[in-house]
Amino acid sequence: MDNGEIALTDDGHVQTYKTLVQDTLNEQIYQQIKEKLIIGEFRPGDRLVLRNLSAALGTSVVPVRDALQKLESLGALRLERTFIVPRLTIAELTEIRDIRVALEGLSAARAAWASTPESLAGLRVHFDAMTEAARGNDTSRFLRANARFHLHIADMSNSPILRDMIEPLWLRMGPSVRLAKAEPGKLINAIPDHEIAITAIASGDATAARKAIVSDVVNCFGILAEASQETVR
């Protein structure tokens, strides 16, 4: 099929193949940039220059611009001539912490009620990756596995609305977490709460699962506050 050939969709609507390909490309670019924000590959203050980013991703400027505009609408980026990764204040980090405590605590509890052998196996994959990365002090790998661990719990909760509320918080805080977690020896301290959480979810203990995830969220905030060298009131 050529790029201009007509395709008939399942619901009977006519759409060109070229449009379908473009829509898929746009989503792929968006997902790639979103992932980089969540795992802290971009840092607070970074300027995302369209030409440079599109070259790095091997695509044109258009899908990159569309992705950045979408991320700006979610509060993950700020536009000042170019797109910038925001620097979060202690007040903003505190608000994110409080919302995460509520949402991710609920997510963990619901995951304990709804877990399956398959979903638990996936969670253990992320936990094992976190543990290995922490022991090797591999910050990038740790942050990637940590984010996937938390978002996997959100998936396990069987609550799409809750999941959609949690991910934007990670988009906002991911770059800041990278700065805080970059200190040698800090990574391994995060393992116990995650280990307790996975054990609680596996045993169906919603209260213990919630408590472990809340503890991790609060500890993460403490590290962020320390890194920013500001006093939390």
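Excluding Asp46 itself, calculate the net charge of residues whose Cβ lies under 13 Å from the Cβ of Asp46, where each Lys or Arg counts +1 and each Asp or Glu counts -1. Residues near Asp46 contribute +4 overall. Residue exposure proxy: Val61, Val101, Val85, ordered by other Cβ atoms within 10 angstrom of their Cβ from fewest to most, comes out as Val61, Val101, Val85. Stretched out straight at 0.36 nm per residue, the stretch from Thr199 to Val218 would grow longer than its current Cα-Cα span by 4.9 nm. Local charge for Glu118 was computed over the other residues whose Cβ lies under 14 Å away, with Lys and Arg +1 and Asp and Glu -1, and equals 0. Placing a label point 7 Å from the Cα of Arg78 along the Cα-to-Cβ direction, the residues of region 24-48 whose backbone N falls under 11 Å from that point are 45-46.
With K and R counted +1 and D and E -1, the other residues having a Cβ less than 9 Å from that of Ala212 yield a net charge of -1. Positive-end ranking of His126, Ile166, Thr139 along the dipole of region 90-228, with charges on Cβ about the Cα centre, is headed by Thr139. Put in line by how crowded their Cβ is, counting other Cβ atoms within 10 Å and starting with the fewest, Ile96, Ile161, Ile84 read Ile161, Ile84, Ile96.
Among Leu143, Leu120, Leu77, the ranking by other beta carbons within 10 Å of each residue's beta carbon, starting with the fewest, stands as Leu120, Leu143, Leu77.
Under 5 Å from the amide H of Arg43 lies no amide H of any residue 5 or more positions distant or on a separate chain, with H modelled from the backbone and absent for Pro and chain starts. Taking the centroid of alpha carbons for each part, region 207-228 and region 66-133 are 13 Å apart. The modelled label-to-label distance between Asp46 and Val61, using points 7 Å beyond Cα along the C-beta direction, is 2.1 nm. You can think of it this way: the chain between Gln32 and Ala114 has 26.6 nm of extra reach, that is 0.36 nm per residue less the Cα-Cα gap.
Taken together, the values in this text are just the output of simple stated rules run on the coordinates, not laboratory data. In this text the structure is predicted, and so the values were computed from the model without any measurement. Neighbour counts are summed over all protein chains in view; Cβ atoms, including those assigned to glycine, are modelled from backbone coordinates with ideal geometry.
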